[in-house]
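Take a look at the structure below.
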Amino acid sequence: MLMTVTMLAPLAIIVVYSLLTRGAYGGVELPWTIENFMRLWDPVYGIIFLRSFWIAAVATALCLVLGFPLAMFIAGSGPRKNLYLSLVILPFWTSFLIRTYAWMFLLRDTGILNSALQALHIIREPLPLLYNDGAVILGLVYGFLPFMVLPLYATLERLEPSLLEAAADLGARPWRALVSVTLPLCAPGIRAGAILVFVPCLGTYLTSDLLGGSKTVLIGNLVQNQFTASRDWPFGAALSLALMAIAMVLLFTARNRGEEIL
Amino acid sequence: MNQGAKRGLAIYAVFAYAFLHVPLLILAVFSFNSSRFAVWESFSLQWYRAVANDSNLIESSVNSLIIAVVATVAATVIGTLAAYGLWKRGSAWISGSMYLSLVTPEIVTGASLLALFQWVFRFAHLRLGMHTVILAHVGFSIAYVVVVVLARLRSYDRTLEEAALDLGATEFGAFYRVTLPYLVPAIAAAAMLAFTVSIDDYVITSLVAGVDSQTLPMVIYAMARRGVNPALNAVSTLVVFGLGMLIMLSERFRKA
Amino acid sequence: MNRRTFLLGTTATAVACSRAPRLNIFNWSDYVAPDTIPSFEREFGIRVRYGTYESVPEMLAKVMTGNSGWDVVFPSAEYIQPMRDMGLLARLNHAWLPNLSNLDRQFQQPPWDPGLEWCVPYMHGATGIVYQKSLGWTPRAWSDLWDARLSGKLTMLDDPPEVFAACLKTLGYSLNSGDPSQLRAAQQRALAQKPLVRAYLNAEVRDQLVAGDVAAAEAWAVTAAQAIAAGSGKLAFSFPSEGFPRYADNVAILRESSRREGAHHFIDYLLRPRVAAAIVETTRTAACNGAAQQYLPEALRSDPVLYPSADILVRGEWFAPQSAASQRLRDRLWTEIKT
C-alpha cells in the first residue's frame, strides 16, 4: 500500500501541475486552466512525438535482434553463466555519460574510426559519423542493450531442454525449433525487455543532445526544457501526461491473450 | 542445439562483447595518455594522480556506492515480494503503479519527486539529502525488479507450490523453500539491473540531491560538459577495474 | 546497513561537523581557483560545502522552493530581477562589504541592480565568433556565419537567447526584443542557417576547435580564451560588428540562508584583488574586479578577448529578462527551429 502511494503521489502532483498556469518566473500558480492541454494539439508537437517513437522503435528492434543471440549464448554457456552475464553488465557500471563520450571520441571527424579509415585509404574525407540520427540510435542501443539481455536471459535460462529435444525428435530443424518453440516460450522475456528499452528511449534527451548535436528535438528534450530553461512546469507536466498516456496505450495493446507484462 | 549453431553463437558473442567493451578499452588506453587529445603522446599517470587528488570525486563516488547498495537491497527485496504478490493474486493498483513508474520519463519523475519532497518538508523540517536520493532510487528501481522477476515467474509451474502446501508446508515455507530457489537467477539479474540503474542515474538524482549528496554521475556530467577530460577516462577505467575485481572475487567465493 | 543506522550515522557526523560554522556555496563549475576555497576556510575558520551547476535554470529549480540548503549562489545578470521578485534573495549589507570599492567602475552601478542591494558582479564576458585562422578569411560579423563556405564546420551555442541574439543582430534589432514579428524574422534566419550547422554546442566546442573539427563557432569569450590558449596560435576571436551580447555573473545570498554573516565574509573575500586575480589566472574569465587588474600577468591583462577596448565594448548589449509572453514565444520558435 505504501508503495502504491509513493508511486502515485508524484503522478498526482503532475496531474495537478498540468492544470495550473505557469508562474511569472517559473513555478506554478492559479488559475486552473486546460490551456496546457490545448497547446498539445499543435502539429509541431505531433512531428516531435512521431520522430521520437520512430527512433525508440528502431533502437528497441536493434536491441532485440542483437541481444537475443547473446542471451541465448549466455543461457547455454553452462557453469560460466554468471561470468558472461557480468561481462555484459560491467560496461554499464561506468557512467552512461562517459560511454556516450567514448562514442563521440570514436566517431568524431578527427576520431579514431575516421583516422583509421583514412589511414587505410578506404576514404579520403572524414565521414560524418557523429551528430545525426544514426549516431543517436547507436548510442541508445549501446546504452540499453543490457536491459534487453537481462530479461531475455532470465526466461531463456529456465527453458526446458527437453522441449527442444522433443522438437528435434519430431523432425524440426534447429531454426524451426527456434522459431516455433523457443521464441513463443520467451515471449514474456521479450516483452519485458522491449518495455525496458522502448520506454526510456522515448524519454531520452542526453543521447540526442550529445550524439545528435542537439539539432533535433525529441520528446525528452522538450519535457526537460520545460522543467529547466523554459520554466514552464505546467506545460511540461501536460506533455509528460500525453507521453505517458500514449506509452500506456501501447503497453496495453501489447498484451497477448490477456496475459500481462506486469 | 547442435554444435554448428553453438559455435555460431559463440562467434557472435565474441563480436557482441567486443562491441560492448571496445569503447571502454579505448577510454582506458587514452587514460594513460599524457596529452588531452586523441593523439597518443606518451605514457603517463597524471590523470590518475588528478583523480586521487580530487576529493570531490572521491566523496561523490563513496556517496554513489552507498546509495546504490542500499537502494539495490531495498528495491530487490520489495520488488521480489511485489512480483510474487502480483503473480499470486494480481492487483490492479500495484501493476498500474508499476506501469506508471516505467512509463514516466526520468525528468518528470525527478521533478515531481522534488515537488513532493518540498511539500512534505514544510511539515517535517527536513532537507534534501542522501535519504531523499535513496528513497527516489528505491522508488524507480522497484519497477525494474518486478518486471524481471515476474517474467521468470510467468514460466513457473504454479502447482509446485500447491504440492508443497499439500505436503504440509506453510505458505511462507512454500515460498521460501520451493519458489525462491527457482527465482534466484532472476533475482540476481534484477539486483544487477537495479544496481546499474542506481549507480548511473543522473537526471533524477541531480534534482533530488541535497547539499551533501553529490553523486558520481553528477560530478562526471559537470566535468564532461566542459569537454574532453582524460581524468574522466581514468575514473571510468578505475570503476570498471574495481567492479571487475569484485565480480572475479565473488565468483571465487561462490566456487569455494 | 539499514536506513535507520545510516541516518543515525549521518546525523552524528553532521552534528560533529557542525561545531565549525559552515557555508554552502553553489557556483558555476570551473569558476574558482584551486586555492580560493581552502584559503577562505583557513582564514575564517568556516567549513565550506561547494557545489556546482551548469546552467541557471538548474540552479533555480533547486533554489526556487526556498528550502535548498544553499547560502550563496551565482546568478547571471538577467536573473537578478526575477529572483528578487520571487523573494529568493537577501538584501546585502554594505557595512559588511568594505571591499566593494574594488569593483570596476562600469560595475559599480550595473543596470540590473544599480544600488548593488542584491548582488555583487563577479565575472563578465561577451559572446562572439571563434574561428580557425586557416580559413583564410575573417568572420567579422554574425552574418558571416551564414556563409556557405562554413557548411558542416559551423557550430552555434545551444542556448536560445544566444542564438536569437545573433539572428536578431543580423537584422539590426535589439537582442532582447520581445516583438513577435522581429522574433519570427529571427527564427527564419536561424532556419536558413540550420543546414550549415554541424551541432549546437556550448563549452564542449572548445576541444573541437582545438582539434580542428570545427572551423567557426559562436562562443562565449571565456571558452574562446581557453581555446585560443590551447590552440597553439591557430585560433582567433572577433567581436561581431553588428553588436553582441554581454553577460555578467553575480554573487548573491539566498534569503533562506541563516548564515548571512559568513556569506558576506565570502563575498568580501572574493572582492579582494589578489583573490580575484588568482581566479582569473585559473579560469581565464574577465573579472568585474577592477583592482585585480594590476595583479594579473601582462598577457591576461591585455588579452583582447577578455578585456576588449572600450570602443568594442560599446557595441555590446546586456541580456535583460523577458516577459512571460515573450519567453513563451521564444520557446515555441526555438522548438520549431529544432524540429
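The values are calculated or read from the model by the stated rules, or taken from the named source; none is laboratory data. Predicted, not measured: the structure shown is a model, and the values here were computed from it. Note that each Cβ is placed from the backbone with ideal geometry, even for glycine, and that neighbours are counted across all protein chains shown.
Residues of segment A:186-207 being β-branched (Val, Ile, Thr) and more than 18 Å from B:ASP201 (Cβ to Cβ), which ones?
Within segment A:186-207, A:ILE190, A:ILE195 qualify.
Can you list the helices (runs of 4 or more DSSP H) found entirely within segment C:267-339 that contain at least 2 residues being more than 14 Å from chain A (Cβ to nearest Cβ) and touching a residue at least 60 places away in the same chain (Cβ under 8 Å)?
In segment C:267-339, C:273-283, C:310-313 are the helices (runs of 4 or more DSSP H) which contain 2 or more residues that are more than 14 Å from chain A (Cβ to nearest Cβ) and touching a residue at least 60 places away in the same chain (Cβ under 8 Å).
Please go through segment A:119-157 and give me each residue that is outside any loop (DSSP other than H, G, I, E, B) and farther than 18 Å from A:TRP103 by Cα, ordered by number.
A:ALA119, A:PHE147, A:MET148, A:VAL149, A:LEU150, A:PRO151, A:LEU152, A:TYR153, A:ALA154, A:THR155, A:LEU156
All but one of (1) out of contact with any Leu (no Cβ under 7 Å at 6 or more places or on another chain); (2) within 8 Å of chain B (Cβ to nearest Cβ); (3) without any contact (Cβ under 8 Å) to a residue 60 or more places away in the chain hold for A:VAL65, so report the exception by its number.
Of everything listed in (1) out of contact with any Leu (no Cβ under 7 Å at 6 or more places or on another chain); (2) within 8 Å of chain B (Cβ to nearest Cβ); (3) without any contact (Cβ under 8 Å) to a residue 60 or more places away in the chain, A:VAL65 misses just condition (2).
Kindly check whether there is at least one residue in segment C:99-108 that is within 27 Å of C:ILE228 (Cβ to Cβ), in contact with a Cys (Cβ under 6 Å, 6 or more places away or on another chain) and assigned to a loop (DSSP other than H, G, I, E, B).
The answer is yes, given that some residue of segment C:99-108 is within 27 Å of C:ILE228 (Cβ to Cβ), in contact with a Cys (Cβ under 6 Å, 6 or more places away or on another chain) and assigned to a loop (DSSP other than H, G, I, E, B).
Restricting to segment A:86-135, name every residue that is farther than 17 Å from B:GLY242 by Cα, within 7 Å of chain B (Cβ to nearest Cβ) and over 19 Å from the mean Cα position of the chain (by Cα).
Correct list: A:ALA102, A:PHE105, A:LEU106, A:THR110, A:GLY111, A:ILE112.
Pull up segment C:211-234, narrow it to residues that are crowded, with 24+ Cβ neighbours inside 10 Å and within 14 Å of chain A (Cβ to nearest Cβ), then point me to the one that is farthest from the chain's Cα centre (by Cα).
C:VAL214
Residue by residue, here is whether (1) under 21 Å from C:ASP158 (Cα atoms); (2) at pLDDT below 85; (3) acidic (Asp, Glu); (4) assigned to a loop (DSSP other than H, G, I, E, B) holds:
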residue	(1), (2), (3), (4)
C:GLY51	no, yes, no, no
C:LYS62	no, yes, no, no
C:ASN67	no, yes, no, yes
C:TRP70	no, no, no, yes
C:GLU78	yes, no, yes, no
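Please specify each residue of segment A:117-138 satisfying the condition of being surrounded by 11 or more Cβ atoms within 10 Å (Cβ to Cβ) and modelled with pLDDT of 75 or more.
Hits for segment A:117-138 are A:LEU117, A:GLN118, A:LEU129, A:LEU130, A:TYR131, A:ASN132, A:ASP133, A:GLY134, A:ALA135, A:VAL136, A:ILE137, A:LEU138.
Please note which helices (runs of 4 or more DSSP H) are completely contained in segment B:143-253 and include at least 1 residues that are within 14 Å of chain C (Cβ to nearest Cβ).
B:203-208, B:216-225
Taking B:SER44, is it in contact (Cβ under 8 Å) with a residue 12 or more places away in the chain and surrounded by 18 or more Cβ atoms within 10 Å (Cβ to Cβ)?
In short, no.
Does segment B:203-221 contain at least one residue that is at pLDDT 80 or above, surrounded by 19 or more Cβ atoms within 10 Å (Cβ to Cβ) and in contact with a strand residue (DSSP E or B) (Cβ under 7 Å, 6 or more places away or on another chain)?
Within segment B:203-221 (the criterion being at pLDDT 80 or above, surrounded by 19 or more Cβ atoms within 10 Å (Cβ to Cβ) and in contact with a strand residue (DSSP E or B) (Cβ under 7 Å, 6 or more places away or on another chain)), the answer is yes, since at least one residue qualifies.
Table: residues versus (1) among the acidic types (Asp, Glu); (2) under 27 Å from C:ALA219 (Cβ atoms); (3) in contact (Cβ under 8 Å) with a residue 24 or more places away in the chain.
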residue: C:ALA61; (1), (2), (3): no, yes, no
residue: C:SER76; (1), (2), (3): no, yes, yes
residue: C:ASN93; (1), (2), (3): no, no, yes
residue: C:THR127; (1), (2), (3): no, yes, yes
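What helices (runs of 4 or more DSSP H), lying completely within segment A:183-237, carry at least 1 residues that are under 30 Å from A:LEU159 (Cα atoms) and within 8 Å of another protein chain (Cβ to nearest Cβ)?
Counting at least 1 such residues, we get A:183-202.
For segment C:195-233, name all the residues that are of a type in the set (Val, Ile, Thr) and closer than 25 Å to C:ARG301 by Cα.
Within segment C:195-233, C:VAL205, C:VAL210, C:VAL222, C:THR223, C:ILE228 meet the criteria.
Would you mention how many residues in segment C:179-202 are more than 13 Å from chain A (Cβ to nearest Cβ) and crowded, with 16+ Cβ neighbours inside 10 Å?
The total comes to 5.
List the pairs whose first member sits in segment C:186-206 and is assigned to a strand (DSSP E or B), whose second member is among the aromatic types (Phe, Trp, Tyr), and whose Cβ atoms are under 8 Å apart, counting only residues at least 6 apart or on separate chains?
C:ARG198/A:TYR131; C:ALA199/A:TYR131
Here is a check on your reading of the model: is C:ALA252 outside the structural domain of C:SER29 (by TED's automatic domain parsing), part of a strand (DSSP E or B) and in contact with a Leu (Cβ under 7 Å, 6 or more places away or on another chain)?
So C:ALA252 does not fit the description; no.
Looking only at segment C:25-36, filter to residues that are within 11 Å of another protein chain (Cβ to nearest Cβ) and over 12 Å from C:PHE74 (Cα atoms); which one of those is modelled with the lowest pLDDT?
C:ASP30
So, A:GLY139, is that one touching a residue at least 24 places away in the same chain (Cβ under 8 Å) and within 10 Å of another protein chain (Cβ to nearest Cβ) or not?
Considered against the rule, which asks whether it is touching a residue at least 24 places away in the same chain (Cβ under 8 Å) and within 10 Å of another protein chain (Cβ to nearest Cβ), A:GLY139 comes out as no.
For segment B:93-131, which positions are closer than 19 Å to B:ILE67 by Cα, in contact with an Asp or Glu (Cβ under 8 Å, 6 or more places away or on another chain) and of a type outside the set (A, V, I, L, M)?
Correct list: B:GLU106, B:GLY129.
What is the one condition in (1) farther than 22 Å from C:TRP28 by Cβ; (2) without any contact (Cβ under 8 Å) to a residue 24 or more places away in the chain; (3) within 14 Å of chain A (Cβ to nearest Cβ) that C:TRP137 does not satisfy?
Evaluating C:TRP137 over (1) farther than 22 Å from C:TRP28 by Cβ; (2) without any contact (Cβ under 8 Å) to a residue 24 or more places away in the chain; (3) within 14 Å of chain A (Cβ to nearest Cβ) leaves (3) as the failure.
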